[in-house]
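Below is one structure; the comments refer to it alone.
The values are calculated or read from the model by the stated rules, or taken from the named source; none is laboratory data. This is a predicted model, so every value here is computed, not measured. A quick note on method: Cβ atoms are made from the backbone with ideal geometry, for glycine too, and the neighbour counts reach across all protein chains shown.
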Amino acid sequence: MGDWRLTRTYQAGSGEVHWERLGDRGGLPVVLLHGTPFSSYVWRGVARALAQRHEVFVWDMPGYGASEKAEGQDVSLAAQGALFAELLAHWGLDEPLVVAHDFGGTVAMRAHLLHGARYRGLALVDALTLTPWGSPFFRLVGEHYKVFEQLPPALHGALVREYVGSASARGLHPDVLERLVEPWLDEDGRPAFYRQIAQADQRHTAEVQDRYGTIDVPVLVCWGTDDAWLPVDHAHELVARIPGARLQLVSGAGHLIQEDAPAELTAALAGFLRDLAG
């Protein structure tokens, strides 16, 4: 992916994971989780900015980005949550700040609430953490993924570009859009795109959302006011469920707040980090 490369690997049960560490080991560790249908590429600017003062970990979940994509692969939210807890142990991170976008929210919640992963703080960015979720398009593909898998490559590419582009309220630069869709366009990526939608199960969010009242670490909820995928009402409900959670809205930003308002998001996360450091 051009100037954004993950040079390290970890062999997980669900496939080879590509990851990277940036920054200074002296700062509070930060781990960035992407969502679907994205990859760590969405965090490139934020990661590099935070790495000026912190050790930052990024990774592509199995089935996404540069990580392994294979037939029969388990890329469910349940599998990703268990793997995230495993990765934190592999990295030797006891209590990092975890920043989770989109379905990375459910992944982070499952790792914490079901698998015992410990966090110093948790930032949820336009995060899929409450049921029901899924756009009409997402549900349509999930119900008929075998049909969509048969699309010719050119039509598949057009569909993925239109879908990913709709995550931005301000419009994506053409080069950025191409980087975001690139992992889904080759021989392994095309079936992987439909595989991850087919395996998306709201039950894996429902299993943890009633436990949010037990979360006892600082939580920041950051949301774009113009998010068309997960409306801002989700942010208000999430804050109401988590004791002491703080809400920061970013005016005019869509679901891909990393692209729509990178400076505002980075400032919010940097401020949260300063608060955690005391």
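Inspect all residues belonging to segment 259-278 and state whether any of them is within 25 Å of Tyr41 (Cα to Cα), acidic (Asp, Glu), in contact with a Lys or Arg (Cβ under 7 Å, 6 or more places away or on another chain) and buried (at least 20 other Cβ atoms within 10 Å of the Cβ). Checked against the condition, which is being within 25 Å of Tyr41 (Cα to Cα), acidic (Asp, Glu), in contact with a Lys or Arg (Cβ under 7 Å, 6 or more places away or on another chain) and buried (at least 20 other Cβ atoms within 10 Å of the Cβ), segment 259-278 yields at least one hit. With the requirement that a residue be touching a residue at least 60 places away in the same chain (Cβ under 8 Å) and surrounded by fewer than 16 Cβ atoms within 10 Å (Cβ to Cβ), what does segment 177-190 give you? Hit for segment 177-190 is Asp188, nothing else. Only a single criterion out of (1) within 20 Å of Phe193 (Cβ to Cβ); (2) among the charged types (D, E, K, R); (3) at pLDDT below 95 is not satisfied by Arg53, namely (1). Screening segment 191-229 for residues that are among the aliphatic types (A, V, I, L, M) and assigned to a helix (DSSP H, G or I) and picking the one that is surrounded by the fewest Cβ atoms within 10 Å (Cβ to Cβ) gives Ala206. The residues of segment 11-55 that are among the hydroxyl-bearing types (Ser, Thr, Tyr) and in contact with a His (Cβ under 6 Å, 6 or more places away or on another chain) amount to a single one, Ser40. With respect to the conditions (1) touching a Lys or Arg at 6+ places or on another chain (Cβ under 7 Å); (2) within 22 Å of Asp260 (Cβ to Cβ), Ala192 lacks only one, and its number is (2). Of all residues in segment 22-49, those satisfying the criterion of being touching a residue at least 40 places away in the same chain (Cβ under 8 Å), within 17 Å of the chain's Cα centre (by Cα) and not in a loop (DSSP other than H, G, I, E, B) are Val30, Val31, Leu32, Leu33, Tyr41, Val42, Trp43, Arg44, Gly45, Val46. Applying the selection to segment 170-202, what residues are more than 21 Å from Gly15 (Cβ to Cβ) and at pLDDT 95 or above? Residues satisfying the conditions are Arg170, Gly171, Leu172, His173, Pro174, Asp175, Val176, Leu177, Glu178, Arg179.
Of the residues Ala268, Ala200, Ala240, Ala235, which single one is under 27 Å from Ala66 (Cα atoms) and of a type in the set (A, V, I, L, M)? Testing whether each residue is under 27 Å from Ala66 (Cα atoms) and of a type in the set (A, V, I, L, M) leaves just Ala200.
When Leu130, Leu122 are screened for being of a type in the set (A, V, I, L, M), surrounded by fewer than 24 Cβ atoms within 10 Å (Cβ to Cβ) and out of contact with any Gly (no Cβ under 6 Å at 6 or more places or on another chain), only Leu130 passes. Just one of the listed residues (Ser135, Ser67) is of a type in the set (S, T, N, Q) and closer than 22 Å to Trp229 by Cβ, namely Ser135. Reported count of residues in segment 230-260, each being on the phi < 0 side of the Ramachandran plot, touching a residue at least 40 places away in the same chain (Cβ under 8 Å) and assigned to a loop (DSSP other than H, G, I, E, B), is 5.
Have a look at Gly116, Gly134, Gly157 and point out the one that is on the phi > 0 side of the Ramachandran plot and either in a helix (DSSP H, G or I) or without any contact (Cβ under 8 Å) to a residue 60 or more places away in the chain (or both).
On inspection, the qualifying residue turns out to be Gly116.
Taking the listed residues Val99, Val160, the one that is buried (at least 24 other Cβ atoms within 10 Å of the Cβ), among the β-branched types (Val, Ile, Thr) and modelled with pLDDT of 95 or more is Val99, with no other qualifying. The one condition from (1) assigned to a helix (DSSP H, G or I); (2) within 17 Å of Gly254 (Cα to Cα); (3) touching a residue at least 12 places away in the same chain (Cβ under 8 Å) that Glu162 does not meet is (3).
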